[in-house]
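The values are calculated or read from the model by the stated rules, or taken from the named source; none is laboratory data. None of these values were measured; they are calculated from a predicted model. Heads up, the Cβs are rebuilt from the backbone with ideal geometry, glycines too, and the neighbour counts pull from every protein chain shown.
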Amino acid sequence: MTANTLVNSKLVCVALNDKSQLAALESTFNQDPYKKPPTQPVLYYKPRNTWSVDGAEVEWAKDFDGNNVPAMVVGASLGVVIGRETCRVGQDEALDYVGGYTIVADFSLPEESYFRPDIKGKCLDTSAPVGPEIVPADTIDNPDALTVTVYVNGEQKNEFPLRNMQRSVAELISKISWIMTLQPGEIIAVGFAGDRVPVAQGDRVEATIEGVGTLTNTLGGA
Amino acid sequence: MRHARIIFDGRELDIDIDANDRITTSDGQRLGVDLDSEEITWLPPVKEPGTIFALGLNYADHATELAFEPPKEPLVFIKHANTLTGHKQVSYRPDNIDFQHYECELVAVIGKAGKNIKREDAMDYVAGYTVCNDFAIRDYLENYYRPNLRVKSRDSLLPMGPWIVDREDVADVNNLRLTTEVNGKITQDGSTKDMIFDIPFLVEYLSKIMTLNPGDMIATGTPHGVVDMQPGDTVVCTIENICSLETRIVSEQEYYGDKY
């Protein structure tokens, strides 16, 4: 964890919130071990050892034998920063609890299975840069109208309009707040493009949202 | 020595408890109060809680009870401080569910930062031990990142404490009796010797993935013998030579009050 992380105490990420990804995986999700598609938001944590900042190098992960892993990927999301204690709020009032917005990059091993918590894939040191800053909530009219774009070495790799999310920002805040009371400064990464972007050692990754900023990080290990 | 955090006489205090149950505050004041006094409000014992790692299916008999093959690799999930509460506090049962059960677990509290820690050095990174009750709402299980956050990340559903026992005061952490009583009747009776992946293994395993930091905790899983809990029930999780953790179950309405 870097000393100047923008995250306070918790970073909750929402997986499988891209409608097209859910559609593409529908037959998989009707088989074992899933048996049926998810009925609730699919959530995971990036714990504090992962938190990092704009401009920082992201460590290239090692396998259990101490060798560099063969592949890593990145996804980027709008980060919703909680502004005040959020406990069991309705969807209609949920955006009133947002203090600001930022960008969350989730570097990980490739997503191969969603069945068990992906600690090995997701909990890598420095793998969750957040930034470049937190813009005040009132500067964004409608968070669901934003688009997240990922560039690697200057080349656009994917673009995710948040209107393609299965669940909206307000719905996610509400649903999560019925599981856990959220505190000021806690961040929800609301959705990633289903296709994670492959990255290589030394790559420069930029995640951009108009009005929120550009988060830039470089992969280590080169 | 044992270490805890309490509210006493309106003050939040870090305390040490010696072998004769005498309480001393961090600024050296002796508190003339018994450990079982109702004047003590017990807080979760880790002052600055970090990442809480919890193990699923880490006792072979419990894995069988839930109709699973014992895992070949640890099943680890993560929890955060919103789930924590202290000894003699309340946990809630959500409305409209059929099965909420306790899970009495030994917790290793990390005392020193480390990465790529070898098994033979692992215990140097453990400051001490406590007990937790890692409640689960089985109705909410889904096969996505299972056990999912809706099952395992709810407010108040990880009572912990009352205290942390220093590592060097526990002779053999791999051979401790673990029992749970519901309303005075023993419902779970196991031993930490039946853990599939022991603490040194888990410290080595996790630290190969990520840096462990002081205040991180590893809740090591529960053995066979889980039963449903209802509002009004009192559950006591005990691990020999560590501590006994008492929790009263309340309804969702009682827990959330005017936020219900």
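Condition check ((1) assigned by TED's automatic domain parsing to the domain that holds B:I137; (2) on the phi > 0 side of the Ramachandran plot; (3) in contact with an Asp or Glu (Cβ under 7 Å, 6 or more places away or on another chain); (4) assigned to a strand (DSSP E or B)) across all residues:
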| position | (1), (2), (3), (4) |
| --- | --- |
| B:E12 | no, no, no, yes |
| B:I15 | no, no, no, yes |
| B:G28 | no, yes, no, no |
| B:E38 | no, no, no, no |
| B:A54 | yes, no, yes, yes |
| B:F68 | yes, no, no, no |
| B:E73 | yes, no, no, no |
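Remark: pairs (first residue in the stretch B:199-222, assigned by TED's automatic domain parsing to the domain that holds B:G111 and under 20 Å from B:P45 (Cβ atoms); second residue small (G, A, S) and part of a helix (DSSP H, G or I); Cβ separation under 6 Å; 6+ apart in sequence or on different chains) = B:V203/B:A122.
Screening the stretch A:25-40 for residues that are under 25 Å from the mean Cα position of the chain (by Cα) and not polar (S, T, N, Q) and picking the one that is nearest to B:R150 (Cα to Cα) gives A:P38. Among the residues making up the stretch A:82-107, those that are crowded, with 23+ Cβ neighbours inside 10 Å and either in contact with a helix residue (DSSP H, G or I) (Cβ under 8 Å, 6 or more places away or on another chain) or not hydroxyl-bearing (S, T, Y) (or both) are A:I82, A:T86, A:Y101, A:I103, A:V104, A:A105, A:D106, A:F107. Only a single item in (1) within 25 Å of B:G111 (Cα to Cα); (2) of a type in the set (A, V, I, L, M); (3) in a strand (DSSP E or B) is not met by B:I186, and it is number (1). When the stretch B:117-142 is limited to residues that are closer than 29 Å to B:D233 by Cβ and surrounded by fewer than 23 Cβ atoms within 10 Å (Cβ to Cβ), the one that is farthest from the chain's Cα centre (by Cα) turns out to be B:E142. In the stretch B:1-28, the residues that are farther than 16 Å from B:P45 by Cα form Cβ pairs under 8 Å with partners that are charged (D, E, K, R) and outside any strand (DSSP E or B), at six or more places apart or across chains, as follows: B:D9/B:E39; B:D21/B:D34. Among the residues making up the stretch B:91-108, those that are of a type outside the set (S, T, Y) and more than 21 Å from B:S191 (Cβ to Cβ) are B:R93, B:P94, B:D95, B:N96, B:I97, B:D98, B:F99, B:Q100.
A:S52 - would you say it is out of contact with any helix residue (DSSP H, G or I) (no Cβ under 6 Å at 6 or more places or on another chain), in a strand (DSSP E or B), away from chain B (no Cβ under 14 Å) and on the phi < 0 side of the Ramachandran plot? Spell out how you get there, then give the answer.
Numbers: out of contact with any helix residue (DSSP H, G or I) (no Cβ under 6 Å at 6 or more places or on another chain): yes; in a strand (DSSP E or B): yes; away from chain B (no Cβ under 14 Å): no; on the phi < 0 side of the Ramachandran plot: yes.
It is false that A:S52 is out of contact with any helix residue (DSSP H, G or I) (no Cβ under 6 Å at 6 or more places or on another chain), in a strand (DSSP E or B), away from chain B (no Cβ under 14 Å) and on the phi < 0 side of the Ramachandran plot.
In the stretch A:103-145, how many are part of a helix (DSSP H, G or I), away from chain B (no Cβ under 14 Å) and not acidic (D, E)? Counting residues in the stretch A:103-145 that are part of a helix (DSSP H, G or I), away from chain B (no Cβ under 14 Å) and not acidic (D, E) gives 4. If the condition is being touching a Cys at 6+ places or on another chain (Cβ under 9 Å) and among the small types (G, A, S), then the stretch B:199-224 contributes only B:A219.
Could you tell me whether any residue of the stretch B:161-174 is in contact (Cβ under 8 Å) with a residue 12 or more places away in the chain, more than 18 Å from the chain's Cα centre (by Cα) and either within 14 Å of chain A (Cβ to nearest Cβ) or assigned to a strand (DSSP E or B) (or both)?
Of the residues in the stretch B:161-174, the ones in contact (Cβ under 8 Å) with a residue 12 or more places away in the chain are B:161-167, B:169-171, B:173-174.
Cutting the leftovers down to more than 18 Å from the chain's Cα centre (by Cα) gives us B:169, B:171.
Cutting the leftovers down to either within 14 Å of chain A (Cβ to nearest Cβ) or assigned to a strand (DSSP E or B) (or both) gives us none.
Checked against the condition, which is being in contact (Cβ under 8 Å) with a residue 12 or more places away in the chain, more than 18 Å from the chain's Cα centre (by Cα) and either within 14 Å of chain A (Cβ to nearest Cβ) or assigned to a strand (DSSP E or B) (or both), the stretch B:161-174 yields no hits at all.
Do we find a residue being more than 24 Å from B:A60 (Cα to Cα) and touching a residue at least 60 places away in the same chain (Cβ under 8 Å) anywhere in the stretch B:228-235? Yes: the stretch B:228-235 contains one or more residues that are more than 24 Å from B:A60 (Cα to Cα) and touching a residue at least 60 places away in the same chain (Cβ under 8 Å). Taken over the stretch B:75-126, the residue count meeting the criterion of being part of a loop (DSSP other than H, G, I, E, B), among the hydrophobic types (A, V, I, L, M, F, W, C) and farther than 28 Å from B:A60 by Cα is 1. I'd like to check something: does the stretch A:17-37 contain any residue that is under 30 Å from A:D138 (Cα atoms) and either part of a loop (DSSP other than H, G, I, E, B) or within 14 Å of another protein chain (Cβ to nearest Cβ) (or both)? Checked against the condition, which is being under 30 Å from A:D138 (Cα atoms) and either part of a loop (DSSP other than H, G, I, E, B) or within 14 Å of another protein chain (Cβ to nearest Cβ) (or both), the stretch A:17-37 yields at least one hit.
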